[in-house]
1. In the set VAL51, VAL8, which member is out of contact with any Phe, Trp or Tyr (no Cβ under 6 Å at 6 or more places or on another chain) and under 24 Å from SER82 (Cα atoms)?
2. May I ask you to say which residue of GLY66, GLY70 is more than 30 Å from LEU103 (Cα to Cα), touching a residue at least 12 places away in the same chain (Cβ under 8 Å) and surrounded by 10 or more Cβ atoms within 10 Å (Cβ to Cβ)?
3. Please go through the range 83-99 and pick out each residue that is exposed (fewer than 12 other Cβ atoms within 10 Å of the Cβ) and not β-branched (Val, Ile, Thr).
4. Suppose we filter PHE37, PHE15, PHE47, PHE55 for residues that are in contact with a helix residue (DSSP H, G or I) (Cβ under 8 Å, 6 or more places away or on another chain), loosely packed, with under 13 Cβ neighbours inside 10 Å and free of Cβ contacts under 8 Å to residues at least 60 places away in the same chain; which single one remains?
5. Of all helices (runs of 4 or more DSSP H) completely enclosed by the chain, which ones contain at least 3 residues that are among the hydrophobic types (A, V, I, L, M, F, W, C) and at pLDDT 90 or above?
Amino acid sequence: MLAITYIVKGLLRSFLSFFSDWYITYPISYWKKVIRFARDMNKTMAFSAMVNNWFTPLYQDYDIVGFLIGIIIRTLWIIFDSIFYFCYFIFVTIIFIIWLLILPSIVFMMGYNLL
């Protein structure tokens, strides 16, 4: 009898551990990687630097043309970066939602095929 309880407890623990990993541990790890990649992209694409220096001229050209060109180029760069970040976060969110729906869809398909 002791062996059967040990086996049942082990199976139950494995079952609960699987769901804990699938819905808690892996999503936390996923979003940490997404944020880390976004920070690395920010270093490459310099979004925050463009926002911080929005009204400073490019190449330290402090005449009216330098200011205007700097504002126009930085504005276009900020718009491009914003669109890129938005598309990136939409994509990773869709991947995350698909990840969350894999198990319920498998259970649904199994239940639907039984009918």
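The values are calculated or read from the model by the stated rules, or taken from the named source; none is laboratory data. Values in this document were obtained by computation on a predicted structure and should not be read as measured data. Neighbour counts are summed over all protein chains in view; Cβ atoms, including those assigned to glycine, are modelled from backbone coordinates with ideal geometry.
1. On inspection, the qualifying residue turns out to be VAL51.
2. After applying the criteria, what remains is GLY70.
3. PHE86, CYS87, PHE91
4. When all the criteria are applied, what remains is PHE55.
5. In the chain, the matching helices (runs of 4 or more DSSP H) lie at 26-45, 64-114.
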